[in-house]
There are 2 protein chains.
Amino acid sequence: MAVCAGAVSLRAEGTNLLPQPAKVSPGQGRLAITDTFRVALAGYVEPRLRAATQRLIRRLAKQTGIPLKEGIERDRSQAALVIHCDRAGERVQTIKEDESYKLEVTADQARLTAPTPVGVLRGMETFLQLVDLDTQGFGVAAVEIDDHPRFPWRGLLIDASRHWMPVPVIKRNLDAMAAVKLNVLHLHLTDDQGFRVESKRLPKLHGMGSDGFYYTQADIRDVLSYARERGIRVVPEFEMPGHAGSWFVGYPELASAPGPYVVERPWGVFDAAMDPTKEGLYALLDVFIGEMAALFPDEYFHIGGDEVNGKQWDRSPRIQAFLRRHSMKGNHDLQAYFNRRLLAIVQKHGKRMVGWDEILHPELPKNIVVQSWRGQKSLAEAARQGYRGILSYGYYLDHIQTASFHYGVDAMEGETADLTEEQKSRILGGEACMWSEYVTPENIDSRIWPRAAAIAERLWSPQEVRDVESMYRRLEATSRSLEGLGLTHRSSYQPMLERLTGTDDAAPLKVLANLLEPVKFYQRWETHPYTSFTPLNRLVDATRPESDAARQFAGLVQNLGANKEKIRKQLALWRDNQAELIPVMQRSALLQEAIPLAEDVSALATAGLEALEYIEAGKPVPQTWVDSQLTLLGRAAKPRAELLIMIVPSIRKLVEAAQAGK
Amino acid sequence: MAVCAGAVSLRAEGTNLLPQPAKVSPGQGRLAITDTFRVALAGYVEPRLRAATQRLIRRLAKQTGIPLKEGIERDRSQAALVIHCDRAGERVQTIKEDESYKLEVTADQARLTAPTPVGVLRGMETFLQLVDLDTQGFGVAAVEIDDHPRFPWRGLLIDASRHWMPVPVIKRNLDAMAAVKLNVLHLHLTDDQGFRVESKRLPKLHGMGSDGFYYTQADIRDVLSYARERGIRVVPEFEMPGHAGSWFVGYPELASAPGPYVVERPWGVFDAAMDPTKEGLYALLDVFIGEMAALFPDEYFHIGGDEVNGKQWDRSPRIQAFLRRHSMKGNHDLQAYFNRRLLAIVQKHGKRMVGWDEILHPELPKNIVVQSWRGQKSLAEAARQGYRGILSYGYYLDHIQTASFHYGVDAMEGETADLTEEQKSRILGGEACMWSEYVTPENIDSRIWPRAAAIAERLWSPQEVRDVESMYRRLEATSRSLEGLGLTHRSSYQPMLERLTGTDDAAPLKVLANLLEPVKFYQRWETHPYTSFTPLNRLVDATRPESDAARQFAGLVQNLGANKEKIRKQLALWRDNQAELIPVMQRSALLQEAIPLAEDVSALATAGLEALEYIEAGKPVPQTWVDSQLTLLGRAAKPRAELLIMIVPSIRKLVEAAQAGK
């Protein structure tokens, strides 16, 4: 994990590499990318490498607009890029797969070497990120990169249960994951709102629990192969014993109360839970897990295990009797009993068990893995007890926090920082989580990307890589290149805004939307009675998770003295936007709820302009003016239409600066 | 073809219908589109109608953002849209297929009736175009529409030979064609630069003539079925006896000179032509045409036939002897001989022959169809002689002309206007042509759409529908909805501009590019030695065919008195854009050629601002100022970097207004 400090800082300024490699040393000269660009393969070769090489050439052709020959070059001396792979990778990729690679670029040739095909895949992404355009044309500046990941488990969870996510959504997200060197796709396949995988052995599971929206086994194999081609493991999650309502539509006998059960439409935590006291449950799970263990080759098998509210258990005399009979102290013991039984089945089918925090219980053996949504403390406790863990706390993309927030969460900080080296080695990495209550295939990309790339850097790059400004600069370039890969996080914005206006001219609405962010954490759920049928076509659904415009404006206000003219120009634009915008909003049924936000943005801009005038004039500010601005700021800081105005803190600073007379 | 004049004009202002229906009568009230929207099918039902209904529901869900149930409603009283189809359509769609439909929308229900499934498909597109958003939500204003096409042949030619166009490009363009009621996809499958269809009987054709880029027969069947589902015929074109170089790579014995032949890389007209004197040629064509006639079900079969330069024939003693032996006057007679032989083969395999203007010859029977790239005169002559014809003159999309230019070209104007009714009936319609020398899959959509939609209206709507302003307004809405269907004509612009700058910030470049258009007709070919390997990644390739910004500015200048403030603001923006733009251009190898354009746009804006000042001041303008502006205007009107600055005429008007003192 040696970092060549000077080199890294040059990279941070000069290139768009994300995640930042472990070691980067700039060289002399530049390799030109022209229509003679060819790739040769040396050492170990397999179909996966050939396919990856073809994809690399296609992407490079798209990136540069230069038509390139797709065949693999046999004469290494003629190749601009020579790839050398030492040996085959694991038959089924595990956390032990060697992902390291070396990339040397000189003015004559680039050479990518790696022990395994997965290392080659990682290095290819680095190579593509290095290509840029200068006065001479496309090329790659000479460099030597020696790279490997910090953590072996770098995941993205996609919840396909709350909103159905068809295969193309999964595939394009696999492309993006590979681009930022994430290596685990965690598919949350079952929950109260849908059972999303075909079971040939127990067809009532998907047949009655999915409304017809599920992955066939052929779909799953297609996704698995697509993922493996990109060096990505796929870990399936089947929620048990809670969040399991969709199991019970077809098999009510598994539940702790008689039913009948339906596919749930609202979000939240439901009472329905499997009945751990029934032997028939384990017999059925043995069949199902056996089938799924054969379908999904990964060694890990996620059983969920979170948020069992215990109400069905408390109300069942049969279960209460069982507790007493086995001297269990409560539901946590009962869940531990269930988990022990489940673990035996999972292990019987050759898998290691993963579950959320709640599965932790002294009675469970040390070979399970805990995924922590509760935080580093929970992770540290598990590691001390000998369990392995992965962090998801701080990486919930559906909480709509900033990239810098996620970037600041490190699995080895806080409670985990004090662990011994051995205990630390039990922390395998982390996973970004895209829970899908408030996303559809239309806007899910915009909730995952580019923010998940900041998490990807946290998990891949050395711990000391943490310059937020550099991250944002590189994130912007990453965001652009992900769109080129087929992601829709940028391109979906404009059509969603146009739909809201019912016209082509979404420009004034965009000025407003650029300053907004959706409310955070679980606030949407607290505001509105959402179900899976609720249209996600409002301004909050189009608005991006992070306002770049507000962040940039905050940067200007930070250095008020130097930026007065820019600030004034910006504020005038925001103030005047209202005149065009309000009539558009009045005509649209969908935009009326957001009119107060538009009005307040204009008022905030006016407040900022007035504050600037007071500052310039150097005169004392009337208290009545201050009071009315504080009223405005107080109102504008509150969520409306499930949206927040993100320039409020900057305007407050301007008002305070005026008040302080500077 | 009765037009309810008052109604049409209301439509032109109030709705986004394009092409405009034959008859539109507005009603009272509005049908709301909510999450209870369901569709029922009555009368004749077939799988094509069910699939189309499902697509309609999905598109409506996407258009509104409202999740809709996809199943077909059995209870008609519960359906918001009831579709009634009288009978099955033709087994293989022909020019006689009835495409008419009636659509009645009331506040309670919409009712779409049509004699055939193809009519239903046309009506569905109309229904989707009617959906809009108002203060109450999504809905359709009550209306009665009675519609049918003006011409039975409304086509789009896509050239897949010069640049390879993969199946997804074809499919998304079929979607767009269906949306604007075009009904013929003309696939230009062979030319000197590539033989793009698999022949199982003569595998050296695609095997040696395509660089590996061709449609397999499975691809073709996939495209045919996709097209039929959308009520679109597919007419294949195999160029003979010229433009046939790619045939000769595998089969040099077919040519009029020994060869060997290669796939051609440059554009243009080549000497290589089939040798009509060889009996072996006809034997081979019999095999090939037999195979293709079975693959493509359409009754028409296009044999090309244009631009035979005759040089190989002139140089061949064997051919010259043949001419003398048969008392032929020259190459045109020889081509007619070839065409007669070819026609016999085409007819033997059950097809009608179509060819370009050049195939017209008194010796050919009247059952061939002439596609005219030469104009209405040529079309009129053919019709007078008894031939049927379709117009492509004036519809060449690769000539990069305006939508209004294409819109103004009518198959029944000029020489054709004087034909008798019987002769007129021989004019079947027209085809927009997308020759692909200067397009790739990345920017082809932007060259076809939205301009082809203006041609679609010309071919579908009554002749008297010709309000250009209304067309542009509706074209804008159509353009937006085509993007929603998956076309990339808008979304490809930004990434191409970003690639040119090598950064994320393409905003200043966009300001410039919005004022430019690529050069017209064949000027690119005259400027630059293009081949199929030439990168199409320059500013000219990103720039859109028609500058909306320049057209809108011209509108402002037209009414100078009322718009001075707007004009001044716009000009100041253009003048000042240079400061940010030039450094960006200097850093990019690809943009340096366009720096003079950026400088001139700024100078033109300054000239315009100065002209305004003179006009305001009401003072005589110094001749030296006028002279220097005229020099600038002269220079700025010339193409550079294969681009034109489209605001030159408007600036000239301002300068002239200043000179005239008003």
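The values are calculated or read from the model by the stated rules, or taken from the named source; none is laboratory data. Here the structure is a predicted model, which is why all the values come from computation and not from measurement. Cβ coordinates were reconstructed from backbone atoms using ideal geometry, including for glycine residues, and neighbour counts include every protein chain displayed.
Can you find even one residue in the stretch B:635-649 that is under 19 Å from B:PRO518 (Cβ atoms) and within 14 Å of another protein chain (Cβ to nearest Cβ)?
Scanning the stretch B:635-649 turns up no residue that is under 19 Å from B:PRO518 (Cβ atoms) and within 14 Å of another protein chain (Cβ to nearest Cβ).
Answer yes or no as to whether A:LEU428 is touching a Lys or Arg at 6+ places or on another chain (Cβ under 8 Å), in contact (Cβ under 8 Å) with a residue 40 or more places away in the chain and assigned to a strand (DSSP E or B).
Against the criterion (touching a Lys or Arg at 6+ places or on another chain (Cβ under 8 Å), in contact (Cβ under 8 Å) with a residue 40 or more places away in the chain and assigned to a strand (DSSP E or B)), A:LEU428 qualifies.
Select from the stretch A:577-611 the residues that are more than 21 Å from A:GLU642 (Cα to Cα) and free of Cβ contacts under 8 Å to residues at least 24 places away in the same chain and write down the one among them that is farthest from the other protein chains (Cβ to nearest Cβ).
The extreme case among them is A:ALA579.
Given (1) outside any helix (DSSP H, G or I); (2) more than 18 Å from B:GLU642 (Cα to Cα); (3) within 11 Å of chain A (Cβ to nearest Cβ), where does B:ARG473 come up short, assuming only one miss?
All conditions pass for B:ARG473, except number (1).
Can you name every residue in the stretch B:253-275 that is in a loop (DSSP other than H, G, I, E, B) and hydrophobic (A, V, I, L, M, F, W, C)?
B:ALA257, B:VAL262, B:VAL263, B:TRP267, B:VAL269, B:PHE270, B:ALA272, B:ALA273 - these are the residues of the stretch B:253-275 that are in a loop (DSSP other than H, G, I, E, B) and hydrophobic (A, V, I, L, M, F, W, C).
Would you confirm whether any residue within the stretch A:636-654 is surrounded by fewer than 16 Cβ atoms within 10 Å (Cβ to Cβ), in a loop (DSSP other than H, G, I, E, B) and under 32 Å from the mean Cα position of the chain (by Cα)?
Taking every residue of the stretch A:636-654 in turn, at least one turns out to be surrounded by fewer than 16 Cβ atoms within 10 Å (Cβ to Cβ), in a loop (DSSP other than H, G, I, E, B) and under 32 Å from the mean Cα position of the chain (by Cα).
When both residues are 6+ apart or on different chains and their Cβ atoms are under 9 Å apart, which pairs have a first residue that lies in the stretch B:338-364 and is more than 23 Å from B:GLU381 (Cβ to Cβ), and a second that is assigned to a helix (DSSP H, G or I) and among the hydroxyl-bearing types (Ser, Thr, Tyr)?
B:ARG341/B:TYR282; B:ALA344/B:TYR282; B:ILE345/B:TYR282
Report yes if A:GLU264 is at pLDDT 95 or above, buried (at least 20 other Cβ atoms within 10 Å of the Cβ) and among the acidic types (Asp, Glu), otherwise no.
Yes, satisfied.
Taking the residues in the stretch A:459-491 that are among the polar types (S, T, N, Q) and either buried (at least 22 other Cβ atoms within 10 Å of the Cβ) or free of Cβ contacts under 8 Å to residues at least 40 places away in the same chain (or both) as candidates, determine which candidate is farthest from A:SER100 (Cα to Cα).
Residue satisfying both the conditions and the ranking: A:SER491.
Exactly one of (1) within 14 Å of chain B (Cβ to nearest Cβ); (2) touching a Lys or Arg at 6+ places or on another chain (Cβ under 6 Å) is unmet by A:GLN552. Its number?
It is condition (2) that A:GLN552 fails.
So which residues in the stretch B:43-71 are among the β-branched types (Val, Ile, Thr), surrounded by fewer than 20 Cβ atoms within 10 Å (Cβ to Cβ) and closer than 19 Å to A:ASP211 by Cβ?
Passing the criteria: only B:ILE57.
Does B:LEU121 fit the bill of being touching a helix residue (DSSP H, G or I) at 6+ places or on another chain (Cβ under 8 Å), surrounded by 22 or more Cβ atoms within 10 Å (Cβ to Cβ), within 30 Å of B:ALA294 (Cα to Cα) and in contact (Cβ under 8 Å) with a residue 40 or more places away in the chain?
Yes.
Hey, does the stretch A:65-88 have a residue that's modelled with pLDDT of 95 or more and within 29 Å of the chain's Cα centre (by Cα)?
no
Please enumerate the residues belonging to the stretch B:195-211 that are part of a loop (DSSP other than H, G, I, E, B) and not hydrophobic (A, V, I, L, M, F, W, C).
Hits for the stretch B:195-211 are B:ARG196, B:GLU198, B:SER199, B:LYS200, B:ARG201, B:PRO203, B:SER210, B:ASP211.
Considering only the stretch A:417-475, state which residues are polar (S, T, N, Q) and more than 20 Å from A:TYR393 (Cα to Cα).
Within the stretch A:417-475, A:THR420, A:THR440, A:ASN443, A:SER446, A:SER470 qualify.
Is it the case that B:VAL540 is closer than 23 Å to B:ASN443 by Cα, surrounded by 15 or more Cβ atoms within 10 Å (Cβ to Cβ), within 14 Å of chain A (Cβ to nearest Cβ) and at pLDDT 95 or above?
Answer is yes for this residue.
How many residues does the stretch A:502-541 contain that are more than 25 Å from the chain's Cα centre (by Cα) and among the hydroxyl-bearing types (Ser, Thr, Tyr)?
Number satisfying all stated conditions: 1.
In the stretch B:321-337, what residues are more than 39 Å from the chain's Cα centre (by Cα) and either in contact (Cβ under 8 Å) with a residue 12 or more places away in the chain or surrounded by fewer than 15 Cβ atoms within 10 Å (Cβ to Cβ) (or both)?
Scanning the stretch B:321-337 gives B:ALA321, B:PHE322, B:ARG324, B:ARG325, B:HIS326, B:SER327.
Just one of (1) within 24 Å of A:HIS349 (Cβ to Cβ); (2) within 29 Å of the chain's Cα centre (by Cα) trips up A:PHE270, so point out which.
Of the numbered conditions (1) within 24 Å of A:HIS349 (Cβ to Cβ); (2) within 29 Å of the chain's Cα centre (by Cα), the odd one out for A:PHE270 is (1).
Any chance you could count how many residues in the stretch B:500-532 are aromatic (Phe, Trp, Tyr) and within 14 Å of chain A (Cβ to nearest Cβ)?
Number of matching residues: 1.
Search the stretch B:124-141 for residues being surrounded by fewer than 19 Cβ atoms within 10 Å (Cβ to Cβ) and small (Gly, Ala, Ser), and hand back the single one that is farthest from the chain's Cα centre (by Cα).
Of everything passing the filter in the stretch B:124-141, B:GLY137 is farthest from the chain's Cα centre (by Cα).
Quick check: anything in the stretch B:228-239 of a type outside the set (S, T, N, Q), in contact (Cβ under 8 Å) with a residue 40 or more places away in the chain and part of a helix (DSSP H, G or I)?
yes
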